[in-house]
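Engineer: Sharing a structure below in structure tokens format, with a few things to ask.
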Amino acid sequence: MDRCIVLVDAGYLLGAAASLLAGEPSRSRITVDHAALIQALRERAESDTERPLLRIYWFDGAPDRVPQPEHRRLRVMPRVTVRLGALTRSDGRWAQKGVDAAMHAELTELARNRACSDVVLVTGDGDLLPGMMAAKEHGVAVHLWAVQAADGDYNQSEDLVAEADERRVLDRAWITQAVRAKELTGVCAPPPAPRPEIAAILSAPLPESALAGAERSAEQPVHPPAPAAAENGASGRGPASKGVPTPKDLAALRAHGTQPVQHPATATLRWSSDKGWVDRPGVVAEPPEVASMPTLAQLTTAEQRWADREEDITTVGGDPYEVGQVFARRWISRLGDQGHLQRLSQMYPRIPHRIDGELLRYAARFGLLAHKDDQIDEHDRYAIRAGFWREIDVPAAAEQQAPTAD
């Protein structure tokens, strides 16, 4: 068949690109426009081989072979097939398992069945040498592509280079069409500004149950009080094991008549729980107007559910902050009684437990549980809720500022 096929070792391609652009092979240091990358691979392959493209095979590792957000986007693109190996942790490092074997099997099978005349390999691993030799014996021309190495380092097996029929280098100019280095921020969400409403909560007298808990933890190491809290008189309280209030603290404070100040539109949530709100003995339960707030599932029709899933697969990137925004936008757009929105906005920073749990379950679809023993990382949880509250704040603030009819 006079057509070409591209086999991409994503670990090599993106790891080498990270080394080139960010100075280290960690893929977390780069952002990738996968649609632009696939298009660039297709155009380059058809130009180099002078053959039309049959298919691009994308080989990558994933925890328990569960597709991550990027894999979900890739596998619905035209002429793209995703093959996943396992991602395992050993001696503190993540390593792919089964990717080389899958590439070898695919390469030899395609050559044996004469599915193509030219194969482009984007890899540097010498383990693929037997597969390359077998493909050549079946009359397939093998093109080996390398990513430009950082600081003159060599990032491909010399045996692969010697065996290839053609060799090309994907230089920095080509790589930066679809890949760029991230700016280092040190945090996963924008750092919060000083929060007067949190300072007000911290300076309020704690209920007896909270003070008893503080006395029990007095012998344990504690964090110093937040500067904003100290300025508002919080340093006079007993020892505290937390720098910010928990949902339980907030509920108890409300039971004693203390209410937080209205929050600004750029506020960031600073506490969270995988289980959401949990009622405990002695803590006031949610009022009826809060318990009656509908969940997104209750507001979503079957047609909307299908469309949501399609959007999750093809559009949503899986960034924790973005996930919170998407969830909140859907909830707001389908909410019939906008009074719920106003009540929720006044509850900051607490999210009703049913909505909170649904938000975390939605976030889990995007691989945010990966590598963390089925627990969402604390910083990710902050970012998820920060995105949620950011979207809640915008319409709530607009409604408050809207002029009322005389």
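Engineer: Using only C-alpha positions, report the orientation-averaged shadow area of the convex hull of the range 4-181, nm², one decimal. Could you put the intermediate results ahead of the total?
Structural biologist: On the way: hull surface 38.4 nm².
So the Cα hull casts an average projection of 9.6 nm².
Engineer: Another one. What's the ranking of 5-18, 40-53 by average number of surrounding C-beta atoms within 10 Å, highest first?
Structural biologist: Top of the packing list down: 5-18, 40-53.
Engineer: Sticking with this one: Please name whichever of I175, V99, T31 sits farthest to the positive end of the charge dipole of the range 4-181, dipole taken about the Cα centre and charges placed at Cβ: Lys and Arg +1, Asp and Glu -1.
Structural biologist: Farthest towards the positive end: T31.
Engineer: Can you compute 3J(HN,Hα) from phi for each residue in the range 64-79, using the Karplus curve 6.51 cos²θ - 1.76 cosθ + 1.60 with θ = phi - 60°, rounded to whole Hz and x for Gly and Pro?
Structural biologist: 6, 6, 8, x, 8, x, 5, 5, 5, 5, 5, 6, 9, 6, x, 6
Engineer: Can I ask one more? Sequence gap at least 6, Cα distance under 8 Å: using those rules, report the relative contact order of the range 1-142 to the nearest whole percent.
Structural biologist: Contact order relative to length: 29 percent.
Throughout, read-outs are computed from the coordinates displayed, never taken from laboratory work. Bear in mind that the values here come from a model prediction, so they are computed numbers and not experimental data. Here Cβ is always computed from backbone atoms with ideal geometry, including for glycine, and neighbour counts include all displayed protein chains.
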